[in-house]
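Here's the structure, in structure tokens; my notes come after.
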């Protein structure tokens with residue numbers, strides 16, 4: 001842990017970005033090499049500065065944290081990404097785990113928690129809120145694949161959801177009641193292992209069905 005860890009802070013709020021930088025600089029092994037204000041600047045600075053750790057705000061003016069994290073992971077698989085956000089994104093935990101980010105932190109976290117997170121990541125671990133940890137369930141690959149099988153009707157419905165169709169519009173298109181559509185989509189969400197529309201869309205888009 002004596003080796004210097006280069007960190008990049010990505011946040012479009014200057015005061016928050018500077019405060020995050022100052023906090024990280026208090027960790028002995030961290031050297032904050034820059035601050036990026038948007039996704040485009042983030043990717044440019046990563047290419048130029050080659051950081052080991054990126055503290056990434058989820059809400060950026062030009063792209064979502066999900067997409068930025070995907071870009072970083074594809075181009076620089078060894079970089080540690082910490083999603084650092086002021087909004088509730090618990091519905092996206094599975095998505096970020098799939099992307100293989102190294103941590104997810106609320107901006108309301110204590111200074112101690114933030115420092116502990118960084119030190120854990122450096123040590124090959126991460127930190128989860130107890131509320132999330134208690135809901136985690138390990139499943140084998142076979143059972144996960146079985147739950148993820150969609151029928152042709154379910155695939156058709158999810159394609160409409162991805163395009164922004166409401167439950168009422170889907171009901172009109174496939175000549176079913178809205179209540180039936182609600183039940184179908186609940187079943188689909190269960191198969192996908194998600195709880196929200198946003199998470200279902202992201203999971204479906206990444207699947208072989210889309």
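Suppose a student asked you for the relative contact order of segment 20-71, using Cα pairs under 8 Å spaced at least 6 residues apart; what percent would you report?
Relative contact order, segment 20-71: 28 percent.
Quick check on the chain: helices-only [θ] at 222 nm, where DSSP H runs of length 4 and up contribute -39,500 (n - 2.57) each and the sum goes over total residues. Nearest 500, please.
-15000 deg cm²/dmol
Any idea how far the Cα center of segment 171-196 sits from the one of segment 27-46, in Å?
The two parts, judged by their Cα centres, are 42 Å apart.
Sorted from fewest to most neighbouring beta carbons within 10 Å, what does the list 136, 49 look like?
Details: 136 9, 49 13.
Ascending Cβ contact count within 10 Å gives the list 136, 49.
In degrees between 0 and 90, to the nearest 10, how far off the longest principal axis of the chain does helix 14-25 point, with axes built from Cα atoms?
60 degrees
With percent of Cα pairs over 28 Å apart defined as stated, name the option among [x] 37; [y] 22; [z] 31 computed from the structure displayed.
[x]
Name all residues of segment 67-96 having a backbone nitrogen under 15 Å from the label point set 7 Å from the Cα of residue 209 along its Cα→Cβ direction, giving them as ranges.
none
For the chain, what proportion of DSSP beta bridges, expressed in % and rounded to the nearest 5, is antiparallel?
Once the DSSP bridges in the chain are tallied, antiparallel ones form about 5 percent.
As an exercise, use a Förster radius of 45 Å and the Cβ-Cβ distance of residue 182 and residue 111 to find the FRET efficiency, rounded to the nearest 0.05. Don't skip to the end; give the middle numbers.
On the way: r = 44 Å, r/R0 = 0.98.
Step by step, r from the Cβ atoms, then E = 0.55.
Any idea what the relative contact order of segment 1-117 is, in percent, if you count C-alpha pairs under 8 Å spaced at least 6 apart?
Once normalised by length, the contact order is 23 percent.
Could you give the angle, 0 to 90 degrees to the nearest 10, between helix 178-192's Cα long axis and the longest principal axis of the Cα atoms of the chain?
Once rounded, the angle reads 50 degrees.
Given an 8 Å cut-off on Cα distances and at least 6 residues of separation, report the relative contact order of the chain as a percent.
14 percent
Can you tell me the length gained on complete extension of the stretch residue 98 to residue 174, counting 0.36 nm per residue apart and subtracting the Cα distance? Walk me through the intermediate numbers first.
Values: separation 76, 0.36 × 76 = 27.36 nm, distance 3.24 nm.
Taking residue 98 through residue 174 to full extension adds about 24.1 nm, to one decimal.
Return one number: the angle in degrees, 0 to 90 and rounded to the nearest 10, between the long axis of the Cα atoms of helix 65-75 and the longest principal axis of the Cα atoms of the chain.
70 degrees
Order of 45, 117 from fewest to most other C-beta atoms within 10 Å?
Sorted ascending by nearby Cβ count, the order is 45, 117.
Output the peptides 172-184, 25-37, 54-66 sorted from most to least packed, where packing is the average of other Cβ atoms within 10 Å over each peptide's residues.
Averaged packing, sorted descending, gives the order 54-66, 25-37, 172-184.
A short reminder: the numbers here are calculations on the coordinates, not readings from a lab. Bear in mind the structure is a predicted one, so any value in this text is a computation, not a measurement. Cβ coordinates were reconstructed from backbone atoms using ideal geometry, including for glycine residues, and neighbour counts include every protein chain displayed.
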